[in-house]
Amino acid sequence: MPIPESRSQVRSIGRPRNAAEPTGTTTPRTGIVNAATRLFSEKGYAQTTMSDIARAAGLQQSSLYYWFRNKEQLLGETLLVNRAPLKFIAEVGAGSGSPAVKLYRLLRFDTMQLALSPIDFNEIQRIAHDQRAEFHQFWTDYERLRDWVADLIGAAIAEGKFIDCDRLETAGLLLNFDEGAQKRTRLLTDDQDRVAEAIRVAEQVATIAVRGLLKRPSEIGRISDQAGQFEDAALALRSQSPPQT
């Protein structure tokens with residue numbers, strides 16, 4: 001069965017990160033986070049100082065403190081790429097829809113937010129692996145996300161929709177799929193091209209992953225359409241909400 005065409009022509013799924021920082025553009029805040037990430041990798045988190053980060057970002061230390069109060073806050077910023085799906089999946093999990101549809105939505109969202117993040121998730125994961133004590137929150141959040149995915153897989157198995165499989169191992173592999181696929185956008189510098197590619201790849205990842213688990217793979221079109229309807233409804237609701245002050 002061919003992969004359904006991307007929905008990028010009819011809907012924008014939306015960015016999970018700060019809309020004030022367009023992709024393809026390096027803002028001072030993004031430049032600081034990138035510099036800190038590089039230094040955490042090269043020197044270690046404990047050995048990296050705020051003055052080191054300021055120099056690497058090409059800023060005076062006073063300018064650095066305008067953006068970040070301390071190194072701990074910077075660490076938290078690097079970890080946001082891992083926490084974005086947790087908020088999304090909590091919202092999806094509390095809503096309606098079958099487990100298969102919820103899994104489709106989560107995998108699509110996770111791939112997209114990884115692809116559009118200014119930080120390469122695989123680099124953060126490598127640093128977190130080498131410096132587990134400082135990055136313990138990263139692994140706590142990662143395990144929570146994996147457990148959510150495993151629960152959705154288990155629920156779909158119980159419904160008779162998914163093939164039987166090791167839920168935790170499969171959940172881990174699906175997240176690895178997301179993490180690898182996001183690299184497809186890393187070399188694109190044009191803002192529109194990167195967003196369009198992120199949408200396309202996210203749709204394909206979700207389609208391939210969920211279709212591979214279905215007892216009846218032909219149902220993937222219906223699941224994809226239902227996931228799209230939820231996104232349309234969410235976008236409509238957000239557009240009707242009064243702006244926050």
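Throughout, read-outs are computed from the coordinates displayed, never taken from laboratory work. This is a predicted model, so every value here is computed, not measured. Ideal geometry is used to build each Cβ from the backbone, glycine not excepted, and the neighbour counts take in all protein chains shown.
So the values come out like this:
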| quantity | calculated |
| --- | --- |
| Given charges at beta-carbon only (K, R positive; D, E negative), |dipole| of the range 58-106 in Debye | 100 |
| Given charges at beta-carbon only (K, R positive; D, E negative), |dipole| of the range 79-239 in Debye | 280 |
| Neighbour cut-off at most 14 other Cβ (10 Å), DSSP loop, chymotrypsin sites (Phe, Trp or Tyr not before Pro), the range 128-217 | none |
| Table column - 3J(HN,Hα) (Hz), the range 95-107, Karplus curve with 6.51, -1.76, 1.60, x for Gly and Pro | x, 8, x, 6, x, 5, 5, 5, 5, 4, 5, 5, 5 |
| Cβ-derived FRET efficiency at R0 51 Å, LYS215 paired with MET50, nearest 0.05 | 0.40 |
| Contour minus Cα-Cα distance for LEU86 and GLN61 (0.36 nm per residue) | 5.7 nm |
